[in-house]
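Remarks on the structure that follows.
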């Protein structure tokens, strides 16, 4: 892109982030907003906290800056960056998922889904249930059922 | 798992009963089944539910009567909001039908512990539970644990779960109903299939244990490097069958079983099968599909997926052709060496008078779930009278029918391998002939390759197709010109046929010495898997190797060594069959 335009993002806490348009169009949601011409002043992102938003912007920047070449070093660098990126604690990861789901960044979404899948992988149902309970993850309903279920199973 | 659910059910019954006691609603008056039915139907509860409930109550009553307690609760289920039961109810009803049978057997065995504790019961009203059953996706309040108010939407959970390998997915299904529900929908399975989250599994058939054809199927999960054993009585006693994998099923075609010693690997008097069995590892279920026209053991199979709905299969059924060569020839002899050249004469007829049968799939697919159509070609094999066959038949999944197609070309030799590549079924014979069958036009034609890879003729080559490329694994001498010498050693080599210039090019050398005469190689997407099994120093060894055709490295990778075969007989080396599935 020849011109450099900046986009202002306003988050949940009311803080504003000024980013290049090149970076800002990484999330599809924002891209669509810009396309629709709603981004003249600032883009409100009411359900993303500043911590997460800064993390997301960091990720987008990294991915934009890294040349889209087949260069091995660049790819490896990006991979290690991604690896460190998702090495957050589960609470952050959880927030990230929600933010990502809203912002719709495909690469990052894929990355996080895979991370969660890896966390689930290799666990026994009991462990998984435990994990879910402690982190209150993925818990949309039937708390009672699950607890009952495993209690009776251990009987 | 089942037991726990039953216990839940019992707990429910108990809690219902306790509630009734608590509400002082015990009535010793006899209120018949009829009134219960009526009241339930007023509430417009499904009849099945009514039945199962009343049966449950009846059984309970029956059980309790000796103790002098009779449960007669007229207003039990009629109080829409008043009757409190465990949160499990709504969901439990969904599967009550299948559980009812086993419930009775368990009931008297276990003591009923009160499962519904105060902290985790989620006491709920019955009608709500019912609503839950009919409208599962009702949105509940997200639970609040440790002050974190979190809630993940179903689609995100689904996207995470879809990335799990099969074994983890199966475990994840046990976590809760929600996950189970999310992961068993056809949409989910389709997504898993399309996004290539599946990993290869190798299924090893035809194991022989202490003289008997074992009912065990050994499955190897490549991603987690683990062997599993599946027991299936269906294929017990059958040997010399061929297997082929299609989507998530394995087709077991033909084979024979001993007539005198059932279950034994005894080739003195055998019945050769026409039947085709389908094994679906995901459900561990077997079913039958249409049988072949001719009984065959060890037929050579190829499979292809067809996209066009209007593909016609040219059949060849004239009267002369129907006649089988019913001569008793020893297993090894070649049909082409019969003095009267029956097969040749048959072959020389002009093919113009062949009737043509168009197999158009019906509009409504019988299976419904998988609309993909595929064809299996079964070539050659050994017939009921131990005669080598040169006939071919094609199975069409959309019509569930086998159709006889043109025989192999004259003087082609005994076919030893076939595969589907670029719209053609390729077949390779023991006498190094390559032919291809065009399904749309319905005939075989010879392919003359410019070069012929030198090979040791005792080992039969295998042709494999991966990513629309045609490969062959054959054994050749490393040095020299094919003469057995002191310094020569045999190696297994992978060749690729250039489909334009038709010459074989050497691609890679297999690291293992060729010990097994019957090594099986199967292609799957971009991988070639091979299993070698042989007896040496009184021990049966097995080696699983893998080759990535798309990768830059030209090396075979060992995926498993000596993990299954040690308890098998040496004859399993000859009877083994392998299929690769993406699960």
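General observations
- Pair residue B:290, residue B:187: separation of 7 Å Cα→Cβ label points (nm): 3.5
- Relative to the current alpha-carbon distance between residue B:261 and residue B:548, full extension at 0.36 nm per residue lengthens the span by 99.0 nm.
- For peptide B:152-160, the mean count of partner chain Cβ atoms within 10 Å of a residue's Cβ comes to 6.
- Efficiency of FRET from Cβ geometry, residue A:87 and residue A:28, R₀ 22 Å, rounded to 0.05: 0.30
- Within 10 Å of the Cβ of each residue in B:161-168, the mean number of Cβ atoms contributed by other protein chains is 4.
- Distance between the modelled labels on residue B:558 and residue B:372, one decimal in nanometres: 3.4 nm (7 Å Cα→Cβ projection).
- Gain in span if fully extended, residue B:441 to residue B:489, counting 0.36 nm per residue against the direct Cα distance: 12.9 nm
- In this simple spin-label approximation, residue B:570 and residue A:124 carry label points 7 Å from Cα along the Cα→Cβ vector, and these lie 4.2 nm apart.
- Packing, as the average of other Cβ atoms within 10 Å across residues, places the peptides B:548-558, B:163-173, B:568-578, B:249-259 in the order B:249-259, B:568-578, B:163-173, B:548-558, highest first.
Every read-out reported here was derived from the displayed coordinates using simple, explicitly stated rules and does not represent laboratory data. The structure displayed is predicted, hence computed values, not measured ones. A quick note on method: Cβ atoms are made from the backbone with ideal geometry, for glycine too, and the neighbour counts reach across all protein chains shown.
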